[in-house]
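The values are calculated or read from the model by the stated rules, or taken from the named source; none is laboratory data. The shown structure was predicted, so the numbers you read here are calculated from the model rather than taken from an experiment. Don't worry about glycine lacking a Cβ; one is built from the backbone with ideal geometry, like all the others, and counts go over all protein chains shown.
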Amino acid sequence: MEQTVKGKVSEAVQTNGLGKRYGSFWALKDCTISVPRGSVTALVGPNGAGKTSLLKLLVGLNSPSAGDVVVLGQSPSQSTSYLSSIGYLAQEIPLYSQFTAADHFAIGKHMDVNWDNELAVKRLQELRIPLDRKVGKLSGGQRAQVGLAMALAKRPQLLLLDEPVAALDPLARMDFLTSLAQAVTDADGELTVVMSSHLLADLERVCDRVIILAAGETQLCENIEHTLETHKLLVGPKGQQPNNDGYRVIKETHSPTATHLLVRLEQPKHNLPGWHIRNVDIEEIVLAYMGQNKNESITKGDVR
Amino acid sequence: MNWLVWKQHSKQFMIATILLILFAALLIPTGLHYWQVYQHALSTCSQSNTCAELKGELFQSSTDQAIFQLEPFAIMILPILLGMFWGVPLLAREYSEGTNLLVWTRSISRRRWLTTKLIWILVATVVVSGAFTALGTWWSKTPNALNLDRFVFLPFSTQGIVPVAYATFAVALGIALGAWLKRTMIALGLTFVLLVGIIVIVVPTLIRPQYVTPITVTSSMGFNALRSKLPSGAWRLSMGVIDKNGNTFDQLDFPNWPPQCQTLAQTQQAPTAGSKTEDSATVDSCLTAAGYRQIARYQPDNRYWEFQQIEFGLYMLLSLIPIGATYWLVLKRDA
């Protein structure tokens with residue numbers, strides 16, 4: 001109860017030990033994240049990491065096998081009050097290929113309580129996307145824009161996008177992200193976005209937070225700036241061992257001449273004797289987490 | 001929501017309407033014509049007392065025969081076609097194209113979405129199959145009167161009220177299998193096999209005869225003797241022979257005959273061709289004298305509407321199973 005009230009105040013999404021099992025396979029395991037209202041969060045991880053499963057749990061399309069989830073102060077459900085506050089764009093952007101964009105907007109008009117038709121039409125007109133052509137005949141980028149308009153014109157408080165740009169060419173991808181950024185600006189802090197992607201370059205452009213999922217588990221869930229401050233590359237002479245004093249090693253590589261450690265510092269301090277400290281970008285951090293997890297699962301597999 | 005259902009399915013409804021118009025264009029003129037011909041033949045034959053032979057005389061042209069076979073066939077496959085092409089795609093297409101995720105994340109509940117879709121498709125099914133069946137039933141008054149066979153398999157299954165119940169069940173089953181399998185082609189195949197199995201094979205042969213206990217009739221030996229005991233229009237379920245101890249046989253094989261009747265048959269076999277009926281009559285009376293009787297089970301014609309109602313109710317109740325399963329699959333299963 002307390003958590004629900006707290007969720008209403010500051011968190012758009014709060015999960016605790018959330019898990020989803022299909023048969024005997026855990027697609028998502030022990031996922032604990034929180035997403036502040038008004039933030040734009042990138043949900044990253046390799047294919048099969050559980051990104052889609054997590055988003056479907058948040059939308060209420062699937063029900064959890066373990067743990068708790070609170071979204072906008074309620075548990076996800078199939079009720080009008082819940083659905084009307086969520087905008088969702090599913091992977092591969094499903095649309096009725098025989099319908100025009102205008103037909104899709106008519107669906108919104110008939111089935112959404114807060115539908116803003118003017119907004120939807122204006123978005124497509126600005127992008128010069130024909131409203132009267134069957135969406136099956138539009139380009140991938142144009143279809144993605146129709147899908148985004150369908151989600152945004154609901155006037156949701158939380159927008160959940162599942163790999164919206166994965167199938168788009170670089171130009172369409174940029175257009176899409178620009179549209180998204182514009183929508184976030186227009187909403188003036190009233191819109192929270194969670195966007196999954198395995199394209200790392202996307203996230204720095206529009207996102208201020210990152211959640212890293214790998215092998216169904218949460219690796220990291222925090223502010224991107226903070227992530228950049230606390231993750232550093234330590235470079236030392238060949239054979240130097242990490243001592244884990246004040247940091248945790250995420251990834252360790254040895255070259256013939258040097259040892260490289262990608263570490264998470266317990267606090268942003270800059271004095272580690274014997275190591276050169278270098279900044280890393282978000283892409284390297286994400287890759288390090290993914291790689292670390294891969295090694296772990298191999299070990300686990302060997303034990304079994 | 002109603003708007004979306006119409007937008008998605010109006011084409012299917014139009015196709016059904018066109019087929020109905022074509023069907024009417026064939027049945028209305030031929031139905032009127034056949035009835036007229038039959039009535040005319042009836043008035044002529046009653047003067048010459050040859051009405052019993054009308055069955056073999058009227059409508060023998062190949063065109064007429066084709067229409068007489070096409071009509072019940074069309075009504076028989078209608079429920080199967082509706083189940084396959086209306087029922088299966090209703091949800092299977094949404095699942096296979098992912099559009100269920102688009103509509104389930106609008107602001108109305110899945111339950112309301114599904115209920116609206118189901119009501120419209122089931123109402124359309126009843127209306128369309130009802131129109132086809134009414135037309136076919138009206139048209140069939142000539143063959144019914146001529147052949148007195150409305151209670152046997154194909155006429156019974158293609159007239160009255162039962163085709164509407166078949167169609168309702170077929171569409172409900174198609175919807176459920178489409179939702180379960182999520183793939184149109186596989187669901188189409190399974191729907192076809194199950195519907196043929198249930199509607200065409202299992203129910204008419206194994207279940208329908210049992211709705212009401214059949215009437216048993218016995219007669220002296222000989223097919224004609226037995227037939228004279230069966231009321232006209234009766235649906236004959238089985239025919240056989242019963243001995244004096246009450247054992248029944250499908251047929252009485254020659255080696256099991258009493259010796260005196262075997263000898264009788266053998267002596268009669270050779271010389272007089274042409275007097276066959278007389279010969280078998282003596283053999284039949286020999287067998288009758290030995291204690292054998294013909295036996296038959298049948299359903300009389302006056303149970304026709306009772307059977308129609310029972311079968312209608314059976315299929316309507318049966319439809320609740322796939323409908324319930326569909327609600328469960330859509331509301332409870334992960335998307």
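Return the total of residues in region A:118-145 being within 14 Å of chain B (Cβ to nearest Cβ) and surrounded by 15 or more Cβ atoms within 10 Å (Cβ to Cβ).
Number of matching residues: 5.
Would you mind stating whether A:Asp112 is acidic (Asp, Glu) and within 7 Å of another protein chain (Cβ to nearest Cβ)? Walk me through how you get there before you give the answer.
Details: acidic (Asp, Glu): yes; within 7 Å of another protein chain (Cβ to nearest Cβ): yes.
Considered against the rule, which asks whether it is acidic (Asp, Glu) and within 7 Å of another protein chain (Cβ to nearest Cβ), A:Asp112 comes out as yes.
Residues checked against (1) hydroxyl-bearing (Ser, Thr, Tyr); (2) under 30 Å from B:Gly197 (Cβ atoms); (3) not in a helix (DSSP H, G or I); (4) not assigned by TED's automatic domain parsing to the domain that holds B:Phe153:
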position: B:Trp6; (1), (2), (3), (4): no, no, no, yes
position: B:Thr17; (1), (2), (3), (4): yes, yes, no, yes
position: B:Ala25; (1), (2), (3), (4): no, no, no, yes
position: B:Leu42; (1), (2), (3), (4): no, no, no, yes
position: B:Lys55; (1), (2), (3), (4): no, no, no, yes
position: B:Leu82; (1), (2), (3), (4): no, yes, no, no
position: B:Val88; (1), (2), (3), (4): no, yes, no, no
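Name the single residue that is surrounded by the most Cβ atoms within 10 Å (Cβ to Cβ) among those in region B:57-69 being touching a residue at least 40 places away in the same chain (Cβ under 8 Å) and part of a helix (DSSP H, G or I).
Once the filter is applied, the top-ranked residue is B:Phe68.
Based on what the data block shows, is A:Ala166 modelled with pLDDT under 90, assigned by TED's automatic domain parsing to the domain that holds A:Ala149, more than 16 Å from A:Val13 (Cβ to Cβ) and buried (at least 16 other Cβ atoms within 10 Å of the Cβ)?
Numbers: modelled with pLDDT under 90: yes; assigned by TED's automatic domain parsing to the domain that holds A:Ala149: yes; more than 16 Å from A:Val13 (Cβ to Cβ): yes; buried (at least 16 other Cβ atoms within 10 Å of the Cβ): yes.
Spelling it out, A:Ala166 is indeed modelled with pLDDT under 90, assigned by TED's automatic domain parsing to the domain that holds A:Ala149, more than 16 Å from A:Val13 (Cβ to Cβ) and buried (at least 16 other Cβ atoms within 10 Å of the Cβ).
Filter region B:81-109 for residues that are in contact (Cβ under 8 Å) with a residue 60 or more places away in the chain and either buried (at least 22 other Cβ atoms within 10 Å of the Cβ) or among the acidic types (Asp, Glu) (or both) and give the result.
To start, the set of residues in region B:81-109 that are in contact (Cβ under 8 Å) with a residue 60 or more places away in the chain comprises B:82-93, B:95-96, B:100-101, B:103-104, B:108.
B:Leu82, B:Gly83, B:Met84, B:Trp86, B:Gly87, B:Val88, B:Leu90, B:Leu91, B:Ala92, B:Asn100, B:Leu101, B:Trp104 - these are the residues of region B:81-109 that are in contact (Cβ under 8 Å) with a residue 60 or more places away in the chain and either buried (at least 22 other Cβ atoms within 10 Å of the Cβ) or among the acidic types (Asp, Glu) (or both).
Counting only residues that are closer than 20 Å to B:Leu114 by Cα and among the β-branched types (Val, Ile, Thr), how many does region B:1-20 have? Steps first, please.
Narrowing region B:1-20 to residues closer than 20 Å to B:Leu114 by Cα: B:1-13.
Among the residues that remain, those that are also among the β-branched types (Val, Ile, Thr) are: B:5.
So the count comes out to 1.
Can you tell me which residues in region A:60-102 are facing chain B (nearest Cβ under 7 Å), touching an Asp or Glu at 6+ places or on another chain (Cβ under 9 Å), over 19 Å from A:Val35 (Cα atoms) and not small (Gly, Ala, Ser)?
Once the filter is applied, which keeps residues that are facing chain B (nearest Cβ under 7 Å), touching an Asp or Glu at 6+ places or on another chain (Cβ under 9 Å), over 19 Å from A:Val35 (Cα atoms) and not small (Gly, Ala, Ser), region A:60-102 yields A:Leu61, A:Asn62, A:Glu92, A:Pro94, A:Leu95, A:Tyr96.
Within region A:83-103, restricting attention to residues that are out of contact with any helix residue (DSSP H, G or I) (no Cβ under 6 Å at 6 or more places or on another chain) and assigned to a helix (DSSP H, G or I), which residue is surrounded by the most Cβ atoms within 10 Å (Cβ to Cβ)?
Per the stated criteria, the residue is A:Leu83.
Restricting to region B:231-257, and then to whatever is in contact (Cβ under 8 Å) with a residue 40 or more places away in the chain, under 26 Å from the mean Cα position of the chain (by Cα) and assigned to a loop (DSSP other than H, G, I, E, B), can you tell me which residue is surrounded by the most Cβ atoms within 10 Å (Cβ to Cβ)?
Among residues in region B:231-257 that are in contact (Cβ under 8 Å) with a residue 40 or more places away in the chain, under 26 Å from the mean Cα position of the chain (by Cα) and assigned to a loop (DSSP other than H, G, I, E, B), the one surrounded by the most Cβ atoms within 10 Å (Cβ to Cβ) is B:Ala234.
Could you tell me whether region B:211-230 includes any residue that is assigned to a strand (DSSP E or B), β-branched (Val, Ile, Thr) and in contact with a Pro (Cβ under 8 Å, 6 or more places away or on another chain)? Before you say what the answer is, go through the steps one by one.
Filtering region B:211-230 down to residues assigned to a strand (DSSP E or B) leaves B:215-219.
Restricting the remaining residues to those that are β-branched (Val, Ile, Thr) gives B:215-218.
Within this subset, residues satisfying the condition of being in contact with a Pro (Cβ under 8 Å, 6 or more places away or on another chain) are B:215.
Yes, there is a match, as at least one residue in region B:211-230 is assigned to a strand (DSSP E or B), β-branched (Val, Ile, Thr) and in contact with a Pro (Cβ under 8 Å, 6 or more places away or on another chain).
With the requirement that a residue be more than 20 Å from B:Gln12 (Cβ to Cβ), of a type outside the set (A, V, I, L, M, F, W, C) and outside any helix (DSSP H, G or I), what does region B:150-199 give you?
B:Arg150, B:Thr158, B:Gln159, B:Gly160, listed by residue number.
Looking at (1) among the aliphatic types (A, V, I, L, M); (2) in a helix (DSSP H, G or I); (3) touching a strand residue (DSSP E or B) at 6+ places or on another chain (Cβ under 9 Å), can you tell me which one A:Leu131 breaks?
(2)
Scanning for something more than 18 Å from A:Pro36 (Cα to Cα) and in contact with a Gly (Cβ under 7 Å, 6 or more places away or on another chain), does region A:180-195 turn up at least one residue?
No, that holds for no residue.
Within region A:23-82, take every residue that is part of a strand (DSSP E or B) and more than 18 Å from the chain's Cα centre (by Cα) and give me the one that is nearest to A:Pro156 (Cα to Cα). Reasoning before the result, please.
Of region A:23-82, the ones part of a strand (DSSP E or B) are A:25-31, A:34-36, A:40-44, A:66-71, A:74.
Next cut, more than 18 Å from the chain's Cα centre (by Cα) only: A:25-26, A:66-68, A:74.
Numbers: A:Phe25: 32, A:Trp26: 30, A:Ala66: 27, A:Gly67: 25, A:Asp68: 22, A:Gln74: 15 Å.
Only one residue fits best here, namely A:Gln74.
Mind telling me which of the residues B:Val202, B:Val123 ends up being under 22 Å from the mean Cα position of the chain (by Cα), surrounded by fewer than 23 Cβ atoms within 10 Å (Cβ to Cβ) and assigned to a helix (DSSP H, G or I)? Steps first, answer last, please.
Numbers: B:Val123 fails: under 22 Å from the mean Cα position of the chain (by Cα).
One residue alone meets the criteria, B:Val202.
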